[in-house]
Amino acid sequence: MQHVLWLRTVVHRLVRASRPAAAAALLLTYAPTSGASVWEVFGFGPEGVASVSAQAATANDGTSVFYNPGGLAMGRGTQIELSGTGMLSWLEAQGATQPIHDPAGGSLAVGSDVPLEGPLANRLRVGFGAYALPSKLMRLQMRPGTDPFFPYYDNRTQRLTVIPAVAVRLASWIGVGVGANVLAGVSGPVDVREGQSRGLETLLQQDVRTVAGWVAGLRVAPVPGLDLALAFRQRFGVPFHVITTANVAGVPLRVDVDTAEALYDPAVVVVAGAVQPSDRVRLELDGSWSRWSAWRGPLLSIDTTVSALSLASHSPEGLFRDTWAVRGAGHWWFAKSANAQLGTIAGAGYETSMLDTSARQGRTNFIDGPKLMVGAGTVAHFPGLIGRALSLSVGAQWQRVAATVQDKQVCTSVPCAPDTLVGPDTDRPGEGISNPGYPTLRGHGGVFVLSVGARVEL
Amino acid sequence: MLAGFAAMLAGTRTSRATAPLLFGYGPQSTALAQSDIESPDPAASAYTNPASACEPGTRLLAGHAYAWTDLTIDDRAMPLRGIAGTDLAFQLGRRIGRRWQLGGAVAAHLPDESLAQISFRPGSEPSFVRFEPSPQRAVADAVLAARYAALSAGAGVSVLADARGDVGFLLGQDGNGTYADGATNVELPYRLAPLVGVGVDLGPVGIAGRFRGAQAVGLDLATRADVSVTGNPLNGTTLVTVAGQSGYVPATWDIGARWNPSRELRLTGALQLARWSRAPSNTAEVTMAVRLGLSPGQIEARFVRPSLRDTVSPRCGVTWTARLADRPVDLRVGYAYSPSPVPEQTGLTSWADAPAHIIGVGTGVELGQAWGIALRADLAAQLWMLRERTFDKPSEVLPFAHYRAGGRLFDLSAAMEAAWR
């Protein structure tokens, strides 16, 4: 009988708490675009990497600005974590290794109480997460349409990521939070022409406008030892739209380049639960849905006029599909004393492919497959060593992409279907094909990630 | 396109002078015409003087400033954007022992319309080099500071980014007809400008110094067009490279002093040296590498450096603290003279600028405690009056051989500050 009542209490609180958050998440899913980050692909900090990002119902420090801002509300005090992350790629496309450019960076995660009095006492917390590359703010790399590559990993981790967040603890068992994934997009004209000086003069006017994607979350602890979480991350892409006009020896040239969603992260909804059966063990299970089907793709959109000839690129449609993922992690404090605690983290997950492999590709050679993720790490916690405590941690993760194979189809008669390949000769369209994915597109491989960090609690 | 990337966090446009450089950061500095180098609002210390970032306490400032522009060339109003933006600043300082203080601060200015406007205008067109869109650029400063007894020092960086890379597009033809394809590879490497501040606090008297490094967004971007379409005159390869420094802000050296003749009265003064003479050309260099069946007449364009002049700007301010309804109220007034860095125009360029008198007024009120936070509100206004200036080039055949420049700017700034002491 007690179990039934307990279950009813849990369900009642959960339903009551999740209604507004679910409605908000649904609305935000359809909100306009708000880039991809290394956190989305591999995890935030050593513990995030080791747990394969199964953190939505556990994180309550600065990393919760990404995993679940609602969890930030459940923390206490001030935590500052600095970490470094490195990636090594064994991804192979057509027999060639595909590197991850700029494979190292540093993260900062800060979570802190806001010291207020009165009705807001012990209720408000703020958090800040940032990831930066060592030498540059970002790299934007859009490949030629025929290059074989993995769009899930390609040019998704090479940018500054900044997420400030605020969270409110509505009651001792529930917290809500919201953050903003902030970057900027660019639009404007570039014109090269003969000016008053009778020489070439450039008129260049670029507006860099803020783009932001919401990160929102709810965290509920209906009973001690149980945490439930709902988190939403709005899709994020960096828009660039630039029209270049020039006059080359009297011949007009106009190029409209649109990279609508570079450095893309899809909208993500995460549902998670964590249990702590003892003070030494914590287990978490996350399920997530990522709306990849809304992506316009990783290619430049070009609309150009050269002399009197107008040409436009045509990105393939319908190649991307939503993905589902399940992630689980366990944290075990295997040694505890007054001066030190040692723990280990293990995680595993699976995510479906964001590429619809049943859809045949023409000129393009995108590669992706279902992914298996395995992570492991260790944490050493030293109470009172610096501030309230110092934690040192290391996490590693291996992501394995299953092998994919697709046979290309050759055009037999003009006009050719978009999902076929064509050679240079109109009369013999099936001959002389130079596409690198012909006759068969193959890819597989994995990525190894290592993260080390230090956290101080004040 | 490429220039655009440059701006991500920083960016700029043709020239010069960010909004805080023109008007000051926050209402206090605005009202005192930036004479408060020795005694800045600690919340704004990351910008105004890094040495003050160690002031004990925790402070958060949120404000907004809007400047109306009424600048004219030949009595015609120049269509400039209003200079508007939000100020967000945070400062944290702690006393360590009896004589030491340590602290840090961050300050950001975020323009309303865009984080940045990057532009290169045609070099021969008239433009207000100090007031055009560079004030639309975001500013992001972070500093650390320490104080021992009466001596304090702080240092940090102002963060910007350059842009370099290439965009390529291919217009081709295969058995199915024509097609277009493209690729980019653009990087935004960091560019950091140093910030340094020092101060000596002798009680009723204090002196301070500040250095802010020069800033600009370097662009080096190439666009490559490969055209291979039957019968097109541009068949072949065209490589257009645009390179330049956009949004240059000069290095500035400031010295300032403070004197408190009484508990209610504070006098401040400062001198600012702005190294405009180091400014690079504010027009883009263009080069074309062409391998076509025809030859363009122009394949390269370079403009000379602008040879701007260094300026020394004197500033002074008065702050009177009164009591109104038992609350302390600061009343502030300030004056500054801002010489023009633009020399006489004798060539193709037609830059416009004039010396300006700057008057600022403002007030600040302690609002008391709410939820354990000490709240404060500040308001300020600043007026720039540019003396009308006539430019006469030596030759009538030069573009814009004669023109007059002048006008006014009016800036309003308001901010709320929360402090935990």
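The values are calculated or read from the model by the stated rules, or taken from the named source; none is laboratory data. Owing to the predicted nature of the structure, the values given are computational and were not obtained by experimental measurement. Cβ: placed from backbone, ideal geometry, glycine included. Neighbour counts: every protein chain shown. These area figures cover heavy atoms from the full protein model, side chains too; ligands, DNA and RNA do not enter into them. Shrake-Rupley method; radii C 1.70, N 1.55, O 1.52, S 1.80 Å.
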Q: Rank-order B:215-227, A:95-107, B:266-278 by packing density, defined as the average count of other C-beta atoms within 10 Å over each peptide's residues, highest first.
A: B:215-227, B:266-278, A:95-107
(Q) Just to check I understand the Karplus step: with θ = phi - 60° and J = 6.51 cos²θ - 1.76 cosθ + 1.60, what whole-Hz values come out for the range A:134-146, glycine and proline as x? (A) x, 10, 8, 5, 6, 10, 10, 10, 10, 8, x, x, 9
Q) Taking the DSSP beta bridges in chain B as the whole, what percent of them are antiparallel, to the nearest 5? A) 95
Q. So, in Å, what gap is there between the alpha-carbon centers of the range A:247-323 and the range A:329-375?
A. 21
Q.
Run lengths n ≥ 4 of DSSP H only: what is the helix-derived mean residue ellipticity at 222 nm for chain B, with -39500 (n - 2.57) per run over all residues, to the nearest 500?
A. -1000 deg cm²/dmol
Q: When a/c is below 1.5 the answer is rounded, else prolate if a/b is larger than b/c, else oblate, so apply that to chain A with a ≥ b ≥ c taken from the square roots of the Cα gyration tensor eigenvalues.
A: prolate
**Q.** Ratio of Rg to Rh over chain B (Cα coordinates, Kirkwood Rh, two decimals)
**A.** 1.06
Q | Proximal lysines relative to A:Lys371, as straight alpha-carbon distance under 17 Å, when same-chain residues fewer than 8 apart are discounted | A | none
Q | Net +/- balance of residues flanking A:Val447 in space, Cβ distance below 11 Å, scoring K and R +1, D and E -1 | A | +2
Q: Determine ³J(HN,Hα), in whole Hz, for all residues of the range B:38-46 in sequence, where each value follows from phi through the Karplus function 6.51 cos²θ - 1.76 cosθ + 1.60 and θ = phi - 60°; x replaces Gly and Pro.
A: 7, 9, x, 4, x, 5, 9, 5, 4
**Q.** chain A, helix-only ellipticity at 222 nm - DSSP H runs n ≥ 4, -39,500 (n - 2.57), divided by all residues, nearest 500
**A.** -3000 deg cm²/dmol
Q: Within 10 Å of each Cβ in peptide B:166-174, how many partner chain Cβ atoms are there on average? Round it to a whole number, please.
A: 6
Q: Could you pull out every residue, at least 5 positions away or on a different chain, whose amide H is within less than 5 Å of the one on A:Trp90? Hs are placed 1.01 Å off N in the peptide plane, and Pro or chain starts have none.
A: A:Gly446, A:Val447, A:Phe448
Q: Determine the shielding of peptide B:217-225 by partner chains: average, over its residues, the number of Cβ atoms on other chains within 10 angstrom of each Cβ.
A: 2
Q) Under a point-charge model restricted to the Cβ atoms of Lys and Arg (+1) and Asp and Glu (-1), what is the dipole moment magnitude of the range B:2-420 relative to its Cα centre, in debye to the nearest 20? A) 1180
Q: Enter the mean number of other protein chain beta carbons within 10 Å of the beta carbon of each residue in B:228-239, as an integer.
A: 3
Q | Relative counts (whole %) of C-alpha pair distances in the protein assembly as shown, using bins that are 20 Å wide | A | 14, 41, 34, 11, 0, 0
Q.
In whole percent, and with a 1.4 Å probe on the protein chains, what portion of the accessible area of chain B is carbon and sulfur?
A. 60
**Q.** Apportionment of accessible area to carbon and sulfur, the range A:391-457, percent (1.4 Å)
**A.** 56
Q. Taking A:Lys136 as the anchor, which aspartates and glutamates have their alpha carbon closer than 13 Å to its alpha carbon, excluding any fewer than eight residues away along the same chain?
A. A:Asp102, B:Asp162, B:Glu187
Q) Efficiency by 1/(1 + (r/R0)^6): what FRET value for B:Arg327 and A:Asp279, r their Cβ-Cβ distance, R0 = 41 Å, to the nearest 0.05? A) 0.20
Q: Ignoring ligands, DNA and RNA and using a 1.4 Å probe, state the total buried accessible area between A and B in Å², rounded to the nearest 100.
A: 5800
**Q.** Per-peptide average of other Cβ atoms within 10 Å, ordering A:148-157, B:199-208, B:32-41, B:322-331 highest first
**A.** B:32-41, A:148-157, B:199-208, B:322-331
Q.
I want the local charge near A:Gln94. Using Cβ-Cβ distances under 15 Å, sum +1 for each Lys or Arg and -1 for each Asp or Glu among the other residues.
A. -1
Q) Suppose every K and R has +1 on its Cβ and every D and E has -1 on its Cβ; what is the size of the dipole of the protein assembly as shown about the Cα centre, in Debye to the nearest 20? A) 2400
Q: Would you mind checking the range A:119-137 for residues with the amide N under 19 Å from a putative spin-label position 7 Å along Cα→C-beta of B:Val157?
A: A:129-137
Q. Karplus couplings for the range A:82-92 from phi (6.51 cos²θ - 1.76 cosθ + 1.60, θ = phi - 60°), rounded to Hz, Gly and Pro as x?
A. 10, 9, x, 10, x, 10, 9, 9, 10, 6, 10
**Q.** Size of electric dipole in chain A: Cβ of Lys, Arg +1 and of Asp, Glu -1, about Cα centre, debye, nearest 20
**A.** 1360
Q. Of B:Gly360, B:Ala140, B:Cys316, whose Cα points farthest to the positive end of the dipole of the range B:2-420 (charges on the beta-carbon: +1 Lys, Arg; -1 Asp, Glu; origin at the Cα centre)?
A. B:Cys316
(Q) I'd like to know which of A:Gly430, A:Ala165, B:Ser281 lies farthest towards the positive end of the charge dipole of the protein assembly as shown, counting +1 on Cβ of Lys and Arg and -1 on Cβ of Asp and Glu. (A) A:Ala165
Q: Specify the inter-centroid distance of the range B:131-183 and the range A:427-453, based on alpha-carbon positions, in whole Å.
A: 32
Q) How do the peptides A:209-220, A:349-360 rank, highest first, by the average count of neighbouring beta carbon atoms within 10 Å per residue? A) A:209-220, A:349-360
Q.
Using 0.36 nm times the number of residues separating B:Leu367 and B:His64, minus their current alpha carbon distance, what extension gain do you get?
A. 107.2 nm
Q. Among B:Val242, A:Ala73, B:Tyr179, whose Cα lies farthest out toward the positive end of the dipole of the protein assembly as shown, if unit charges sit on the beta carbon of Lys, Arg (+1) and Asp, Glu (-1)?
A. A:Ala73
